[in-house]
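To start, I am sharing the structure in question, which I have written as structure tokens.
The values are calculated or read from the model by the stated rules, or taken from the named source; none is laboratory data. The model shown is predicted, which means the values in this text are computed figures rather than measured ones. Note that each Cβ is placed from the backbone with ideal geometry, even for glycine, and that neighbours are counted across all protein chains shown. Keep in mind that these areas ignore ligands, DNA and RNA; they rest on the heavy atoms of the full protein, side chains included. Shrake-Rupley method; radii C 1.70, N 1.55, O 1.52, S 1.80 Å.
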Amino acid sequence: MADSVQNRIKGFMRSGGMSSIAMAFALFGAVLLIMWWATNDGSTMSMLMALSAISIILLSIMLFFFSPYTYIRDDICDSMMVSNLLSLNSMLSSLLVVQPGIYAPVGNDGAIKVFIPASSLSDEDVSGISPGVDVFYTRGSVKGISLLPPGYGLFRNAVEMGAVFTGEGLEGEIKDVLENGMELASLSVSNEGDRVTVLMRNMANAGLCNSIRKADPAICTRMGCPICSSIACMLVSGTGRKVRIEKVEDTGKALMVTFRLF
């Protein structure tokens with residue numbers, strides 16, 4: 001019985017009931033405010049009526065804009081994304097394109113692509129890669145597929161929020177965006193020469209990362225999950241260099257991701 005009532009309440013909220021309640025509160029508050037204005041005599045009772053009207057109107061605003069059903073639970077969001085990544089990974093595997101991806105800038109408009117080579121590349125080959133804007137890369141002796149990175153949306157969102165990635169202080173900028181701006185994880189970023197190590201704790205999409213690693217750990221270095229992929233995009237944007245997700249290790253308490261710059 002209790003479960004049935006709870007389900008009915010949830011269904012009512014999802015069907016727009018919260019918006020109706022908010023509008024009703026707003027109307028009631030407005031009526032009280034009009035009554036106060038019409039009968040205001042400066043008394044304590046009159047002041048209490050004004051405060052009550054304002055409080056009810058503020059409550060209606062909170063119900064309308066800050067309803068918990070405005071947001072998607074992290075596990076549902078992860079479930080919507082994981083199938084797309086696994087499908088893309090299966091497609092690449094069927095094409096025998098299974099090497100680690102190389103994140104690289106494309107053109108002068110700030111666009112970034114991840115180039116997944118068809119065969120193993122030397123450092124010299126990586127330095128010479130210039131991914132095309134089309135899906136298939138067919139120039140030169142190096143062949144592969146050029147794709148939009150899984151984390152490109154997060155990267156663009158950070159840029160639209162006002163984030164600027166530069167060579168100086170890049171580690172702090174990445175930490176600030178993901179930790180304070182988006183609240184996706186607690187980060188520790190260190191730079192040692194051509195390698196950047198990111199230690200992530202309390203990840204918001206930990207379930208997604210676990211599902212990906214369980215299905216195929218190679219996805220982490222081939223394309224990366226949205227968070228690791230977005231960090232690679234930030235590194236490319238800040239340094240202007242090509243980036244590869246070299247290694248992803250689960251220490252039990254944190255996820256340690258190593259990026260290599262070329």
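Tally time: how many residues in the range 240-262 are open to solvent by 50 Å² or more (accessible area, probe 1.4 Å) and within 23 Å of E124 (Cα to Cα)?
4
Looking at (1) surrounded by fewer than 20 Cβ atoms within 10 Å (Cβ to Cβ); (2) assigned to a strand (DSSP E or B); (3) not basic (K, R), which is the only condition M200 fails?
It fails just one condition, (1).
Shifting gears a bit: Which pairs do you get when a residue that is in the same structural domain as T197 (by the TED database), found in the range 224-244, comes within reach of a residue that is part of a loop (DSSP other than H, G, I, E, B) and among the β-branched types (V, I, T), reach meaning Cβ atoms under 6 angstrom, with the pair 6+ apart or on two chains?
That search, which allows pairs on different chains as well, returns G238/T166.
Next up: In the range 76-86, is there at least one residue being modelled with pLDDT of 80 or more and either within 21 Å of I245 (Cα to Cα) or not charged (D, E, K, R) (or both)?
For the range 76-86, residues modelled with pLDDT of 80 or more and either within 21 Å of I245 (Cα to Cα) or not charged (D, E, K, R) (or both): present.
Restricting the search to the range 145-185, which residues are within 23 Å of T221 (Cα to Cα) and among the β-branched types (V, I, T)?
I145, I174, V177
Scan the range 165-204 residue by residue and report those that are of a type in the set (V, I, T) and either over 21 Å from G240 (Cβ atoms) or over 17 Å from the mean Cα position of the chain (by Cα) (or both).
Within the range 165-204, T166, V189, V196, T197 meet the criteria.
Out of (1) in a loop (DSSP other than H, G, I, E, B); (2) in contact (Cβ under 8 Å) with a residue 24 or more places away in the chain; (3) more than 21 Å from K253 (Cα to Cα); (4) open to solvent by 20 Å² or more (accessible area, probe 1.4 Å), what's the single condition that is false for P217?
With (1) in a loop (DSSP other than H, G, I, E, B); (2) in contact (Cβ under 8 Å) with a residue 24 or more places away in the chain; (3) more than 21 Å from K253 (Cα to Cα); (4) open to solvent by 20 Å² or more (accessible area, probe 1.4 Å) applied to P217, the lone miss is (3).
Restricting to the range 180-205, give me the number of residues that are without any contact (Cβ under 8 Å) to a residue 24 or more places away in the chain and out of contact with any Ser or Thr (no Cβ under 6 Å at 6 or more places or on another chain).
10
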